[in-house]
Each structure stands twice: as C-alpha cells, then as structure tokens.
Amino acid sequence: MKTSIYRKVAASIITVAFLTTGYTAYANLTELKENRHANPLEGEEHIQQSGWDESADKSVTLMQLGDLHGHLIPRKNLNTENFEGTVGGLARIATVIKEIRKESSQNLLFNIGDTLHGGAEALYTEGKAMTDILDKWRIDGYASGNWDFLYGTERYLDLFENGRWGAVAANLYYEGEPYADKAGERVLPPYRVIKRAGLSVGIVGFTSERGPTVGTSTTKGFRFTGEGEELPEMIHELREKEKVDLIIMISELGLAKNLQLANRYPGVDVLLSADMHEETPRLIETKSGTLVSEVSHDGIAVGQLDLQVGEEGITGWRYELHKIDESIKEDEGTSKLVEKERAMFVKGKGFHSHEKSNK
C-alpha cells in the first residue's frame with residue numbers, strides 16, 4: 001500500500017514539473033516537401049487547404065486529440081505573459097467534436113498519447129475519471145502514451161484489452177513474466193479497419209517506446225520497439241490483404257521520428273502524431289506525400305482534417321487547428337460528467353478520502 005502511495009505522490013511531482021513548462025515546439029521542416037498549393041482559404045486564414053474542390057462533397061473528416069494528460073477542466077493559459085484566460089477542458093472539447101459532427105456525418109475521432117495521467121482525478125482513480133467521460137465520445141482509434149502505462153500492465157489490460165477506443169499498437173509485445181506464455185505476441189491488435197463514407201480505412205497504431213521510463217515495474221512483461229520496423233509489414237498487409245482506400249497512422253513516437261518514418265516507408269496517407277507536445281498550426285506534407293499533424297497537449301487544441309478521396313487516393317484536403325479556449329461554450333452533458341468525476345476531490349459534501357478505483 002505504501003509503495004503504491006509513494007509511486008502516486010512521485011508521479012504527481014513529476015507531472016507538475018513536466019506539464020507546467022507549457023512550451024510548444026516546432027518541427028525541423030528541412031526534410032519536408034514544399035507545398036505551393038496549400039494556402040489559407042480567402043477570409044479564413046486559420047483554414048489551410050490543398051486541391052480542395054468546392055463543388056465536390058467531403059469524403060470523410062478526421063478529428064485529432066492529443067496528450068490530454070488527465071485534464072478534465074480548463075487550466076490557466078501558460079502561453080500568455082500573465083497567464084491570462086483559460087484553455088482546454090473536456091466540456092469545451094466535447095462542444096467542438098459535436099459541432100464538427102454536425103457539419104460532417106462521415107467522421108472519425110482519434111485520441112493519441114498520454115490520456116490517463118496528469119490530473120489528480122485521473123491519477124487517483126487510475127484513469128477511470130477520464131475513461132468514464134471519453135467512453136461517451138465514440139473514439140475510433142487510440143494510441144497509448146508512455147504515461148498510460150503508469151498503473152501497471154494488469155490495469156492497462158483491464159482498460160484496453162477489450163478494444164476500448166479502438167486501441168491499436170503494432171510495436172507493443174508480451175515478454176517474460178508474468179506473461180511468459182504469451183512471449184512475442186502483440187498486446188493489442190496492430191491495426192483495425194473501419195468502413196466510413198463508402199471507404200475502407202486502415203488505422204495502424206504505435207505507442208511510445210518510452211513506456212518503461214515511467215517505471216520498469218509498471219511495464220514488466222511488456223516490450224516496446226521504437227524505430228517503426230513494423231510499419232512496412234502493416235502497410236503491405238493493409239494495402240494487399242485488407243484492400244483499404246486510406247491508411248491512417250496514429251503514433252506516439254514523436255513528431256520528428258514520425259516524419260522520418262513517413263518518408264522512410266511511403267504508403268501512409270495521414271499520420272496523426274503525439275508525444276512531445278508539439279503543434280502544427282499548418283498541416284505538414286512530407287516528401288512521400290503523407291499528411292502529418294500534431295495538436296499540442298492538455299486538450300488545448302483539436303485538429304480537423306477534411307479529406308476528399310478518389311480512386312487514386314486523397315485528391316484534396318482542408319485543415320484547421322481549433323484552439324480550445326474561453327470562446328467555446330461548454331457542453332452541458334459533459335460538464336455534468338466532469339463535475340461528477342471531480343466531486344470526491346473538491347471540497348464540499350461530495351469530498352471523501354481516496355479509495356482504490358474499480359475498473
């Protein structure tokens with residue numbers, strides 16, 4: 001019991017040190033394809049497009065969440081001089097998701113990166129405070145972040161072995177005790193295929209290779225790879241066996257490495273990245289033609305990528321990075337769920353001492 005408490009206290013300290021940096025980094029774009037056709041729409045400078053045909057229908061809309069880090073409620077804006085205003089918040093994100101779905105009924109929602117750790121509510125419920133809310137969002141694909149392994153392999157399997165959020169990981173394997181009988185097998189499916197808008201969409205996932213950095217005891221029995229060596233096989237299987245129209249890679253390997261992988265192994269249409277809290281206010285197109293985006297951290301942004309798809313693949317796209325701030329009204333239903341999850345942690349009649357979470 002004491003070891004568990006010490007681990008959680010230590011994790012809280014690390015979290016504060018890590019998350020309060022509040023920085024946004026940008027990728028080195030020297031290896032990227034120059035995209036002369038990607039220009040903001042007239043009068044809408046925050047929207048970027050390439051090859052977009054206004055007379056044609058959208059094929060499918062992708063929504064991207066990244067590195068939510070257990071943040072249920074808005075937090076101070078650390079990117080302003082005096083920390084003015086607030087950003088993030090699950091109720092605001094829910095509003096944006098609902099608005100996008102109203103505009104495009106053919107959509108896919110992806111969650112990439114650290115989700116179950118960061119806020120106290122998530123930490124002391126071993127992720128349940130987040131799963132109780134996000135389970136209602138109809139997430140189509142999820143790639144775990146390194147911090148999502150903090151609560152141990154048994155807890156991880158309890159949460160994701162059942163297919164929650166369409167979790168996929170091509171680079172996560174069983175190895176040694178307590179899973180010696182499964183050594184070499186993958187912990188999760190490497191990919192899944194979804195039918196949407198008449199298209200067959202393959203979703204391949206990569207978790208962070210840094211899972212053991214949160215504690216070797218918490219990842220005992222799991223093995224992580226980090227160079228994307230599984231990707232060529234996944235591309236071949238999805239194209240040749242599954243006959244997909246699109247390949248979407250969701251990856252917690254970090255923006256720099258993800259860009260390298262996209263160029264090294266052509267064949268991925270869209271790569272949704274996470275890990276180092278980087279942000280792509282403009283969509284990146286690699287030399288290999290892969291479209292790449294990352295949406296910062298703590299739920300302060302949501303990515304929207306509208307695609308038009310023909311027989312030869314993507315023919316046009318539009319990209320917008322939605323900033324989650326005070327201008328967005330909170331979704332009432334989600335706000336109530338957040339209040340419920342936080343009740344035991346906030347001073348008042350709902351507050352009580354910590355209890356070990358249920359699944």
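The values are calculated or read from the model by the stated rules, or taken from the named source; none is laboratory data. Every value quoted in this text rests on a predicted model; they were computed, and no experiment measured them. Glycine gets a Cβ as well: all are built from the backbone with ideal geometry, and neighbour counts include every protein chain shown. Only protein heavy atoms, including side chains, enter the accessible area calculation; ligands, DNA and RNA are left aside. Shrake-Rupley method; radii C 1.70, N 1.55, O 1.52, S 1.80 Å.
Of note:
- Taking the range 95-125 as the range and being closer than 17 Å to Leu305 by Cα and not polar (S, T, N, Q) as the test, the residues that pass are Val96, Ile97, Lys98, Glu99, Ile100, Arg101, Lys102, Glu103, Leu108, Leu109, Phe110, Ile112.
- Flag: Gly118 matches the condition of being under 17 Å from the mean Cα position of the chain (by Cα), over 30 Å from Asp57 (Cα atoms) and open to solvent by 10 Å² or more (accessible area, probe 1.4 Å).
- Selection count where residues are in a loop (DSSP other than H, G, I, E, B) and touching an Asp or Glu at 6+ places or on another chain (Cβ under 9 Å), scope the range 312-323: 0
- Test: residue in the range 62-73 that is among the polar types (S, T, N, Q) and over 21 Å from Leu271 (Cβ atoms): no
- Only one of the listed residues (Lys195, Lys136) is within 17 Å of the chain's Cα centre (by Cα) and basic (Lys, Arg). That residue is Lys136.
- Candidates Thr86, Thr61, filtered to the one that is β-branched (Val, Ile, Thr), in contact with a helix residue (DSSP H, G or I) (Cβ under 7 Å, 6 or more places away or on another chain) and at pLDDT 50 or above: Thr61
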